[in-house]
Amino acid sequence: MDRIIDTATQRRRQLRYWLLGLGALAALLAAGWGLRAALQPSLRRADLLTATVETGDVDATLTAAGTVIAAREVVITSPIQSTVRRVALAVGARVRPGQLILELDKDLAASSLAKLDDEQLRNQDKNSQLQLTLARSLTDLQAQQQGQDLKVSSLQSALRDEQHLLTIGGGTAEAVRQAELNLRTARLEAQRLRQQLANQRLASAADRRELGYTVSMQQRSIAEQAAKLRQADISSQLPGVLTWVNDNLGSTVQAGDALARVADLSRYRVRATLADAYADQLHPGDAVLVRLGPGTDLRGTVASISPAVDKGVVTFYATLANDHHPALRANLRADVYVITRAHRGVQRLHNGPFYQGGQEQAVFVLAGGRAVRRVVHFGDSNTDYVQVISGLRKGEEVITSDTKSFVDTPELRVE
């Protein structure tokens, strides 16, 4: 026979069911949380690169490859066609102004100078002969003119006589006309001779000037050849260090060929190359930062830009504010950063593998053992820093390691 279960027993049973249900729900939640934790990606803190958002300066830069060169360098060229006879100094030697570096064979140049001297003597002899010829021609013309003037005077007297005879009836009109004709003819001839004499004087002066020019030009050629002969003993007017010399004894060199280079290694500048795609952003006077190595940065300015593009690159030269820094060495490689824009007192973050170069990008911010994904708006950047426009606050710590594989993950565990 069924009995009615008392109220207390029913309450105990109901409480047990509730407890069993809550326990099952708690176990289910714990299992879900454990599964979520097991499936959530995690990172080891020791493997991460991080940086803290700070306030500072950010310069937008163009990156160029640079080489340190001497501020002043003299290229000494051959003044004549010759051969290398003797090398007096080796590369690396100190050079004083006027000190012999290299000696060329002077025989060919001396022979050319002697030939020029002989030609000058011949020109001077021609000048003397021309002077005599011109003087003789002028003397002959002057004598002819004087004779013609006498003839004109004689014909004038004859005309007066015929005119007198005609007045007294002792002559004829025909004789007078003939005397007038003879006088006019003589005057025309005298005028022709005077003009010829004037032309001859002008022509003689022109011939003398022409020969004088020839003698003068020849004299300059002699002086130039003599100077080249003296310069065959190669020296430098710039004190410095011999950085290169043509030490191939007996080799033939043409006039204008480089023989040696002397550099003043107490001062330096930088020659840099930049891709021509950025040439329109490069201007003389732009500030540059020259990085010789970790912790060695030198400031300078763009001094000049080559107008030609060679193999897709533009070459420019930069002067340094501290052009005698101890770390500077000739032909030393350096990274050159041309500053195109400067931002002062802005939020910034150390550059690293995380930065992809865009204006908006997702980053992971560390907070309480987690790395939370956040979209950040970046501005200008350089190799050291990235400008933070929005999305981060000063003092927040950001993962700067490469996190591209977690770009779609909202949160990461950091162990």
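The values are calculated or read from the model by the stated rules, or taken from the named source; none is laboratory data. Note that the structure is predicted; figures quoted are calculated from it, not measured. Neighbour counts are summed over all protein chains in view; Cβ atoms, including those assigned to glycine, are modelled from backbone coordinates with ideal geometry.
Considering only the range 355-384, state which residues are in contact (Cβ under 8 Å) with a residue 60 or more places away in the chain and either in a loop (DSSP other than H, G, I, E, B) or touching a Ser or Thr at 6+ places or on another chain (Cβ under 7 Å) (or both).
Answer for the range 355-384, where residues must be in contact (Cβ under 8 Å) with a residue 60 or more places away in the chain and either in a loop (DSSP other than H, G, I, E, B) or touching a Ser or Thr at 6+ places or on another chain (Cβ under 7 Å) (or both): Leu366, Asn382, Thr383.
For the structure I just gave you, tell me whether Arg348 is over 30 Å from Asp105 (Cβ atoms), buried (at least 16 other Cβ atoms within 10 Å of the Cβ) and in the same structural domain as Ile389 (by TED's automatic domain parsing).
Judged against the criteria, Arg348 is a match.
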If you go through the range 158-165 one residue at a time, do you hit one that is assigned by TED's automatic domain parsing to the domain that holds Ser216, more than 25 Å from Ala260 (Cβ to Cβ), surrounded by fewer than 12 Cβ atoms within 10 Å (Cβ to Cβ) and of a type in the set (Gly, Ala, Ser)? no
Determine if the range 136-153 includes at least one residue that is surrounded by 14 or more Cβ atoms within 10 Å (Cβ to Cβ), in the same structural domain as Gln218 (by TED's automatic domain parsing) and of a type in the set (Gly, Ala, Ser). yes
Do we have Val270 as surrounded by 15 or more Cβ atoms within 10 Å (Cβ to Cβ), under 30 Å from Ala90 (Cβ atoms) and either at pLDDT 90 or above or among the aromatic types (Phe, Trp, Tyr) (or both) here? yes
Selection within the range 385-415 - of a type outside the set (A, V, I, L, M), surrounded by 12 or more Cβ atoms within 10 Å (Cβ to Cβ) and touching a residue at least 40 places away in the same chain (Cβ under 8 Å): Tyr385, Gln387, Glu396, Glu397, Thr400, Ser401, Asp402, Thr403, Phe406, Thr409, Glu411, Arg413
Here is a list: Leu132, Leu102, Leu121. Which entry is surrounded by 14 or more Cβ atoms within 10 Å (Cβ to Cβ) and either of a type in the set (A, V, I, L, M, F, W, C) or under 30 Å from Arg72 (Cβ atoms) (or both)? Leu102
Can you say whether Gly212 is touching a residue at least 40 places away in the same chain (Cβ under 8 Å), among the small types (Gly, Ala, Ser) and in the same structural domain as Ser128 (by TED's automatic domain parsing), as far as the supplied structure shows? yes
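Please pick out the residue among Tyr278, Tyr317 that is part of a helix (DSSP H, G or I) and surrounded by 13 or more Cβ atoms within 10 Å (Cβ to Cβ).
Residue meeting the stated conditions: Tyr278.
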Close pairs (8 angstrom Cβ cut-off, 6 or more residues apart or separate chains): at positive phi in the range 254-276, surrounded by fewer than 20 Cβ atoms within 10 Å (Cβ to Cβ) anywhere: Gly256/Thr77
